Every structure is written in structure tokens, then in C-alpha cells.
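Q: Okay, here's the structure, questions in a sec.
The values are calculated or read from the model by the stated rules, or taken from the named source; none is laboratory data. Keep in mind the model is a prediction, meaning the values are calculated, not measured. Positions of Cβ are generated from backbone atoms using ideal geometry, with glycine treated the same way; all protein chains shown enter the neighbour counts.
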């Protein structure tokens, strides 16, 4: 799948701040304030439903971030947005560095072993304390493979749509 049309989750609206419509934001960008540079935001509170917001202003506040969205100027309007996920279009993000990948770019890749055995496709990834984990599904089975390049992940070919892993197909 091409980058066009892909949405990348970059944060979530987690609470209210004050009475003038400001919102508490959880950011997954590095640095966390970078979330305000990626606009428009696509807010979604339910699968398939999203609204595009441009002109978001924000700042650090204590240990978190707060944001003010255009047209949201009271606590009641802001409360309706709490729990919404914040996505941006994939093409808004800078290119990843060498041997770095955005998770969204890995999702959907075919996964094969070094011997050529098909294991399925990357469904999603998640972080653990030690490393990221690739969840590979083939319809019948789900495999959890540590995303450790050079140990378990031998190669990633985004244009070819394939990831080669050193993994026992029976595990």
C-alpha cells in the first residue's frame, strides 16, 4: 500500500484543561511537542469516522501538553472530544532514518522465513520494555516476533512488500 491515504496515530485527547475549551493531549511523537507541527489533525472517536482539524495551537503544561482547537471554546464542546484519537496523513511525517521504519509502513507486509516459508502478514506492532514486537497473522495463526534487526528481522523491503525473518515456522 502506498503512503497516500495512510493515517498514522500520533496521539490522543485525554482530558479537559480549564473552562475555555482547552484539551489535555497525549503525544506519541518525538519530541512530544512535534505533534503540533503535523496538521491537519484527523480526529476519530469511532472507527471510520474522522473530522479534519487545522489550526490547532498547543503548548507544554506541567508534565503534559494542552491544545486549543479552532471552534472549540467552551468546556462542553471540548468534553465531546475527550477520547478521540489524533491521526495525521503519513506523507506529513519526515522520512525515517536508515534502518528505521514507521510501524504503519510495516503493516500489511508479507512475512517469510529465511527458508522461504510464508508466515502471514504483519497485522500490527506493539512496544515492550525490551523491544518492539511484530504481530504476524495468517488467518489461522498469530505469531509474535521480536522486531530486532539482525537477530530475527533479516530484511525489510517496503517497495517489494516483504519482510524476511529468522524464525521457526512451528513456533
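Q: Quick one: in the stretch 147-157, of everything that is outside any strand (DSSP E or B) and closer than 18 Å to residue 135 by Cβ, which residue is farthest from the chain's Cα centre (by Cα)?
A: 151
Q: Continuing with this model, one more query. Kindly indicate whether residue 63 is surrounded by fewer than 18 Cβ atoms within 10 Å (Cβ to Cβ) and assigned by TED's automatic domain parsing to the domain that holds residue 30.
A: yes
Q: Going through the stretch 146-171 one residue at a time, which ones are surrounded by 18 or more Cβ atoms within 10 Å (Cβ to Cβ) and either without any contact (Cβ under 8 Å) to a residue 24 or more places away in the chain or closer than 14 Å to residue 103 by Cα (or both)?
A: 147, 153, 156, 163
Q: Another question, then. Name the residues in the stretch 26-60 that are in contact with a helix residue (DSSP H, G or I) (Cβ under 7 Å, 6 or more places away or on another chain) and either buried (at least 16 other Cβ atoms within 10 Å of the Cβ) or within 21 Å of residue 105 (Cα to Cα) (or both), would you?
A: Passing the criteria: 27, 29, 38, 56, 58.
Q: When both residues are 6+ apart or on different chains and their Cβ atoms are under 6 Å apart, which pairs have a first residue that lies in the stretch 20-40 and is at positive phi, and a second that is buried (at least 19 other Cβ atoms within 10 Å of the Cβ) and outside any loop (DSSP other than H, G, I, E, B)?
A: Qualifying pairs under 6 Å: 21/78.
Q: Filter the strands (runs of 3 or more DSSP E) completely within the stretch 1-83 down to those with at least 1 residues that are within 26 Å of residue 123 (Cβ to Cβ).
A: Filter on the stretch 1-83 gives 7-17, 22-27, 41-46, 49-53.
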